[in-house]
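Visitor: This structure is in structure tokens; I'll ask about it shortly.
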Amino acid sequence: MTTHTHTRACDLTLSLPPTGWLEFGAGALRRLPATVLRTGHRRVFVVTDPGLRTTGLVDLVVRTLTGAGIDCDVHDAIPPNPSTGAVDTAAAQAREFGEAAVVALGGGSALDAAKGVALLAVNPGSAAEFDYRVEPQRPGLPLIAIPTTAGTGAETNGFGVIEDKARHRKVYIGHDTVKPVASILDPELTVGLPPSATAATGMDALVHGIESLASRGANPVSRGYAAQAVGVVSRWLPAAVEDGTDLEARSQLLLGAHLAGLALSISGLGLVHGVAHAVTARVGAPHGLALSAVLPEVMAWCAPQAGDALARVAREMGAGQDPASAVDACRKLAEQVGARRPLSAYGVTADMVEDLARTALEDAVTGNSPRRPTEDDIAGLITSCL
Ligand SMILES: NC(=O)c1ccc[n+]([C@@H]2O[C@H](COP(=O)([O-])OP(=O)(O)OC[C@H]3O[C@@H](n4cnc5c(N)ncnc54)[C@H](O)[C@@H]3O)[C@@H](O)[C@H]2O)c1
Ligand SMILES: [Fe+2]
């Protein structure tokens, strides 16, 4: 069934976010000092997480900076799925350090937290007050993103997905001025990511592409990015999970995740993310695994209103033209990379369903769903994935 009207390219008026400076390729980290200097700063505040400290990547980045005469301070305590409190703690250290460029090193958690830090370092208040719709007194510090997972594409936008612990939900904190001015995509930094995390983060990128294609906010440009992302990620994810040292697969995944980020930053996401955000905020499941637990079910439910988008997904995945084949191909890919478990495996129980459905419905991303769900629809979907 066709639901999207095809807009003729000559009729378009699009306001597209600028894409920023991009350094891409094995060894691109070497270009970090020059990238910092381009911001006009000679000092750097690094925001990262304890896992990255263990891998040695934090030391590598610090050596790269100090070797070029750039002074730096490091905050390495950002937890997975960071909360507003974690952002406030990092921001207090950044205020102490003073004017600097901010370098975000890590997965989506570190990158997202760094956006809040770059804003709060030069503005009074706490993270919870910096909903992305709020205009700050001062623009944030310039942010350089160095993703070490190929998943969120968080380097492409200025909002962080941050947990509000008191309300068990994800909120969007940030501003256009903390959209990274530059990103360094170096596949060598992702070779140490274990297979399970490679699979989870890669599924995140795939879902970004799929939800972007099907979003009410999609346009011909976002569809171009999203379709390519779905093709690249589905083609290379099994290879990267199988052999983490395969630099070609790692490069392709970083590119795919970045394209998916560009797509979602234009179009918005959808109900798979709405449900997964609620699940993670409640039981702490890793983002990509929460998405994979509900992806085929939500796609199948949306299919009556997303025929064109899902047919495109099927084509990009080499699975024919049929929306139902896209659903099957996604289920099979998630199973193949070991990312598909029922929600109960993460601690979701039947008594949580009503609350999760309410939270998912209130999440801003759910508004982009091609088929509009009621709270009961969402509760039914969650129950079918328990
Ligand atoms: N801003 C956006 O557009 C956007 C989009 C989707 C998701 N998100 C958010 O991003 C977060 C998830 O990010 P993520 O999936 O990248 O995971 P993550 O940042 O939470 O990282 C997961 C784990 O992997 C480890 N790790 C990261 N890189 C590594 C490497 N190269 N080698 C070894 N270990 C490594 C980290 O130390 C961490 O323990 C969630 O909070 C989610 O809500 C944001
Ligand atoms: Fe995501």
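Visitor: Please give the per residue volume of the convex hull enclosing the alpha carbon atoms of region 21-190, rounded to a whole number of Å³.
Guide: Cα convex hull per residue, to the nearest whole number: 94 Å³.
Visitor: Report the local net charge at M317: Lys and Arg +1, Asp and Glu -1, summed over other residues whose C-beta lies under 13 Å from its C-beta.
Guide: So the surrounding residues net to +2.
Visitor: Compute the signed sum of charges (Lys and Arg +1, Asp and Glu -1) over the other residues within less than 14 Å, Cβ to Cβ, of T19.
Guide: -2
Visitor: What does the extension gain come out to for T13 and A68, with contour length at 0.36 nm per residue minus their alpha carbon separation?
Guide: That works out to 15.4 nm of additional length.
Visitor: If you project the alpha carbons of region 223-280 onto their three principal axes, what span does each projection cover, largest first, in Å?
Guide: 33, 28, 13
Visitor: In debye, nearest 20, what is the charge dipole magnitude of region 21-190 about its Cα centre with +1 on Lys and Arg Cβ and -1 on Asp and Glu Cβ, if you could check?
Guide: Dipole of region 21-190, to the nearest 20 debye: 160 debye.
Visitor: Count charges around R216 for me, please; just the other residues with Cβ under 14 Å from its Cβ, Lys/Arg as +1, Asp/Glu as -1.
Guide: Neighbour charge sum, excluding R216 itself: +1.
Visitor: In Å and from the alpha-carbon atoms only, list the Rg and Dmax of region 83-164.
Guide: Looking at region 83-164, its Cα Rg and Dmax stand at 11.6, 33 Å.
Visitor: While we're here: Pairing the Cα long axis of helix 195-214 with the longest principal axis of the chain, what angle in degrees results, from 0 to 90 and rounded to the nearest 10?
Guide: Once rounded, one gets 60 degrees.
Visitor: Continuing with this model, one more query. Among R133, R250, which comes first, second and so on when ranked by fewest other beta-carbon atoms within 10 Å?
Guide: By the 10 Å Cβ count, ascending: R133, R250.
Visitor: What is the helix-to-structure angle for 375-384, meaning the angle in degrees between its Cα long axis and the longest Cα principal axis of the chain, kept from 0 to 90 and rounded to the nearest 10?
Guide: Between the helix axis and the principal axis of the chain, the angle is about 90 degrees.
Visitor: Treat the count of other C-beta atoms within 10 Å as a stand-in for reagent exposure and order M299, M317, M352 from fewest to most.
Guide: The order, fewest Cβ neighbours first, is M352, M317, M299.
Visitor: How would K179, K332 line up from fewest to most surrounding beta-carbon atoms within 10 angstrom?
Guide: The order, fewest Cβ neighbours first, is K332, K179.
Visitor: Between 0 and 90 degrees, rounded to the nearest ten: what's the tilt of helix 271-283 against the longest Cα principal axis of the chain?
Guide: Long axis of 271-283 versus the principal axis of the chain: about 60 degrees.
Visitor: Here's a follow-up. For the chain, what does -39500 (n - 2.57) per DSSP helix run (n ≥ 4), summed and divided by total residues, give at 222 nm, in deg cm²/dmol to the nearest 500?
Guide: Only helices count here, giving -15500 deg cm²/dmol.
Visitor: In nm, to one decimal, how far is the modelled label at Q321 from the one at H168, with both set 7 Å along Cα→Cβ?
Guide: 4.6
Visitor: Moving to a separate point now. Return the tail of the calculated pair distribution for the chain, meaning the percent of Cα-Cα pairs more than 37 Å apart.
Guide: When all Cα pairs of the chain are counted, 16 percent exceed 37 Å.
Visitor: Give the long-range amide H neighbours of R43: residues separated by 5 or more places, or on another chain, with amide H under 5 Å away, using H modelled in the peptide plane at 1.01 Å from N.
Guide: Long-range HN contacts for R43: A101.
Visitor: Here's a follow-up. Given axes a ≥ b ≥ c from the Cα gyration tensor, I'd like to know whether region 19-118 is rounded (a/c under 1.5), prolate (a/b larger than b/c) or oblate.
Guide: Prolate, since a/c reaches 1.5 and a/b exceeds b/c.
Visitor: So, one more: Springs between alpha-carbon pairs under 10 angstrom, Gaussian network model over the chain: which of L65, L141, L37 fluctuates most?
Guide: Maximum fluctuation in the GNM of the chain, among the listed residues, is at L37.
Visitor: What is the diffusion coefficient of region 285-386 in µm²/s, taking the Kirkwood radius over Cα pairs and the Stokes-Einstein relation at 25 °C with a viscosity of 0.890 mPa s?
Guide: 173
None of the figures in this text is laboratory data; all of them are computed from the coordinates on show. Bear in mind that the values here come from a model prediction, so they are computed numbers and not experimental data. With ideal geometry, Cβ positions are generated from the backbone for all residues, glycine too; neighbour counts draw on all protein chains shown.
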